[in-house]
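Structure, as structure tokens:
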Amino acid sequence: MFQSRVVASILKRNKAIINSLPSNLKGTCSSRCFTPSSAHAVARTSFFGFRSLPKGHHVPSFRNMSTVASVGTEKEGLKMLVTAGPRAQKMVGIWLFSSAAWVFSMVVLGGVTRLTRSGLSMTDWKFTGNLPPLSDDEWQQEFEKYKQSPEYKRVNKGMSIEDFKFIFWMEYAHRMWGRALGVMFALPFSYFLRKGYITMSLGLRLSALFALGAGQGLIGWWMVKSGLEEPASEYVEPRVSPYRLAAHLTSAFIIYSGLFWTALSVVMPEPPAESLAWVQGAAKLKRIAIPVSLIVGITAVSGAFVAGNDAGRAYNTFPKMGDVWVPDNIFELKPTIRNFFENTSMVQLDHRILATTTLISICGLWWSTKKLDIHPAIRTLVGATFGMAALQVTLGVSTLLSYVPVSLGTAHQAGALTLLTLMLLLNHTVRRPSMSLLKTLPQVTKTA
């Protein structure tokens, strides 16, 4: 009698649950989950704390139903940045990689603009940009503005309007390419937010990168403005502040690194790992890769000061600087700290030392992999990074000995960002897997 009352109570409760379910689940649950026989089974097992259920019977739980949407998107210790499925993950990944590639092209174009001395050709700036000169009169007006600048008076006096058009178009292209990047980033970002593809953490990260990108235009004009001011001495060529140029280039590197790392995190939420031994080997490699990455970054920033001081056109010999290893005037500025950022001799010496240190460090990183049990893909990546480091040093020496031609100077700047890309990829690849993945890994990889 008591059991019959329990059965009736369960049937009433199950009927209410069925009515609250979506229509596509009602039939399934009505036919398979809440039959009288299953109710009797539940009643029998209820006296034993639901320790066992007959085979084929399942009692739905509201707790399980509320978490079903997160199955496949969040695992133990792993937070997915895109939770709308593989297709959304692929779309967001392609967009972020494309944005990173666009920033890469911006850095290269910026290098060409600097090396062709085109950066000071536009003497004003608007956040939204302007149309270029479209008539001869407009070109003449723009040229007259440039004639008032210190660069024209001291470097390009007598320049023809045709030569001016070339440097103007270089700077104009650089600025408009940056604005186009902003539009290309903002429109898909808005779409993905509206579709609900992007998590809160990813949205905040990308918003910060977008704000930094918008600020990059302001930093660029702040840099250019310093080159439009009269130099302190009549014997000094007008050029932008090395500090502002370094800030502009470093900011571009940060934006690129943020986009590239985020894109990797979207498409590769877990690192390559097929055994615990490989995970342990990657952890050991990571302890070496992080400080090496820091050296690569510092070397890249020092290159910005070489560019800002035009130091590549001094001491065009290697390995010595002229006839000596260390010039006598490396500490001629006061206070002493200024020499590391403003003294042409010291700036170039610093960059030589840092570049050599980078190559030796990456060589040591590569050598350490010989004694580590790591994933073959990681081993290949380290080898490629070592090869790129050697190529970058070769490009740097060739650029110096050739008195900084535009082609080699641009290739050297692109090489710096390529090397940074490989170091980012390496650090992303050797990070620790999630706990859910670690629990499934064997101790040693099985070999055929």
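The values are calculated or read from the model by the stated rules, or taken from the named source; none is laboratory data. As the structure is a computational prediction, the values presented were derived from the model and not from experiment. Methodologically, a virtual Cβ is constructed for each residue, glycine included, from the backbone with ideal geometry; neighbour enumeration extends over all protein chains shown. The accessibility values were calculated without ligands, DNA or RNA, using every heavy atom of the protein model including side chains. Shrake-Rupley method; radii C 1.70, N 1.55, O 1.52, S 1.80 Å.
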How much accessible surface area, in Å² rounded to 10, belongs to the heavy atoms of residue 174 with a 1.4 Å probe? 30 Å²
Quick check: at a probe of 1.4 Å, how many percent of the accessible area of region 335-448 sits on carbon and sulfur atoms? 71 percent
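Solvent-accessible area per residue for region 295-411 at a 1.4 Å probe radius, Å²?
Result: 48 Å² of accessible area for each residue.
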Segment residue 134-residue 186, length gained on full extension (0.36 nm per residue, minus Cα span): 15.8 nm
Around residue 188 (Cβ within 12 Å, Cβ-to-Cβ, excluding residue 188; K/R +1, D/E -1) the net charge comes to +2
What is the calculated FRET efficiency for residue 380 to residue 250, with r their C-beta to C-beta distance and R₀ = 30 Å, to the nearest 0.05? 0.50
Just how much of residue 123 is accessible, in Å², when a 1.4 Å probe is used and the result is rounded to the nearest 10? 40 Å²
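Using a 1.4 angstrom probe on the protein heavy atoms only, could you order 163, 323 from most to least accessible area?
The residues order as 323, 163, largest area first.
Per the 1.4 Å probe, what fraction of the accessible area of region 273-315, in percent, lies on carbon and sulfur atoms?
The computed percentage sits at 67.
Using only the alpha carbon atoms of region 228-334, find the Kirkwood hydrodynamic radius as the inverse mean reciprocal pair distance, in angstroms to one decimal.
By the Kirkwood definition, the hydrodynamic radius is 18.1 Å.
So, with a 1.4 angstrom probe, what is the percent of accessible area on region 118-178 that is carbon and sulfur? Write out the running numbers ahead of the final one.
On the way: 1920 of 3450 Å².
Whole-percent figure for carbon plus sulfur exposure: 55.
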Let me cross-check residue 265: its accessible surface, 1.4 Å probe, with only protein heavy atoms counted, in Å² to the nearest 10? 30 Å²
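If region 82-133 were replaced by its equivalent ellipsoid, with semi-axes equal to the square roots of 5 times the Cα gyration tensor eigenvalues, what would those be, largest first, whole Å? Write out the running numbers ahead of the final one.
Details: eigenvalues 247, 45, 9 Å².
Over the Cα atoms of region 82-133, the semi-axes work out to 35, 15, 7 Å.
Compute the FRET efficiency between residue 331 and residue 373 as 1/(1 + (r/R0)^6), taking r as their Cβ-Cβ distance and R0 = 45 Å, and round to the nearest 0.05. Intermediate results must be reported in sequence, preceding the final value.
Working: r = 48 Å, r/R0 = 1.07.
Efficiency computed from Cβ-Cβ geometry: 0.40.
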Principal axis box of region 267-403, alpha-carbon based, largest edge first, Å: 56, 31, 29
For region 311-371, with the dipole built from +1 on Lys and Arg beta-carbon atoms and -1 on Asp and Glu ones, taken about the Cα centre, which of 311, 359, 347 lies farthest toward the positive end? 359
Please work out the ratio of the alpha-carbon Rg of region 143-299 to 2.2 N^0.38 Å and round it to two decimals. 1.47
Taking all protein chains together and a probe of 1.4 Å, list 330, 337 from the most accessible to the least accessible. 337, 330
Please give the net charge around residue 426, taking every other residue with its beta carbon less than 12 angstrom from that of residue 426, where Lys and Arg add +1 and Asp and Glu add -1. +3
Of every Cα-Cα pair in region 225-279, the percentage lying beyond 13 Å is 73 percent
Which FRET efficiency, nearest 0.05, do residue 233 and residue 79 yield, Cβ-Cβ r, R0 41 Å? 0.15
Looking only at Cα atoms, what is the convex hull volume of region 339-405 per residue, in Å³? 94 Å³
Over 5 Å intervals from 0, what percent of Cα-Cα pairs in region 377-441 sits in each interval? 4, 17, 20, 15, 13, 10, 8, 5, 3, 3, 2, 0
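Ordering 418, 262 by accessible area with a probe of 1.4 Å, largest first, what comes out?
So, going from the largest accessible area down, we get 418, 262.
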Determine the alpha carbon to alpha carbon distance for each of 284/320; 90/126; 195/286; 126/147; 90/439 and list only those over 30 Å. 284/320; 90/126; 195/286
